[in-house]
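The values are calculated or read from the model by the stated rules, or taken from the named source; none is laboratory data. Quick caveat, the model's predicted, so the values are computed rather than measured. Don't worry about glycine lacking a Cβ; one is built from the backbone with ideal geometry, like all the others, and counts go over all protein chains shown. When the accessible area is computed, the model is the full protein with side chains, heavy atoms only, and any ligands, DNA or RNA have been set aside. Shrake-Rupley method; radii C 1.70, N 1.55, O 1.52, S 1.80 Å.
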Amino acid sequence: MKLINVGFGNMVNAARMVAIVAPDAAPVKRLVQDARDAGRVIDATCGRRTRAVIVMDSDHVVLSPLQPETVAGRMEDKGKGTDEEDVE
């Protein structure tokens, strides 16, 4: 299980991520509002501006203060490096 830092030490399971999108478009705003109404929003922004919306396979929506490119880059970095378990 790979955990990705989505800001301020908050982590999400990379295998359960479906999409990372910018919050600017109206359909994304509607997705976040619908999830908020249903109690499926996880706000990891710590009061900062939302810059990325992460959709999970469990229909939860994670709000992140990081740019979508940053979150995607962290996913790629986790895959390239060697795990500590592999070094032994």
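Some values worked out for this structure:
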{"item": "Heavy-atom surface of the stretch 1-79, accessible at 1.4 Å and reported per residue (Å²)", "result": "59"}
{"item": "Binned Cα-Cα distances of the stretch 37-79, short to long, each 10 Å bin given as a whole percent", "result": "28, 51, 20, 1"}
{"item": "Sum of -39500 (n - 2.57) over DSSP H runs of 4+, divided by residues of the chain (222 nm, nearest 500)", "result": "-10000 deg cm²/dmol"}
{"item": "Order of exposure, largest accessible area first, which applies to 54, 42 with probe 1.4 Å", "result": "42, 54"}
{"item": "Amide N of the stretch 46-63 lying under 17 Å from the label point, which is placed 7 angstrom from the Cα of residue 15 along Cα→Cβ", "result": "56-59"}
{"item": "Acute angle (nearest 10 degrees) that the helix 68-80 long axis makes with the longest principal axis of the chain, alpha-carbon atoms", "result": "20"}
{"item": "Charge dipole (debye, nearest 20) of the stretch 17-82; +1 at Cβ of Lys and Arg, -1 at Cβ of Asp and Glu", "result": "200"}
{"item": "With Cα atoms, 0 to 90° folded angle of helix 26-38 axis to the chain main axis", "result": "90"}
{"item": "P(r) of the chain over all Cα-Cα pairs, binned every 10 Å from zero, in whole percent", "result": "17, 51, 23, 7, 2"}
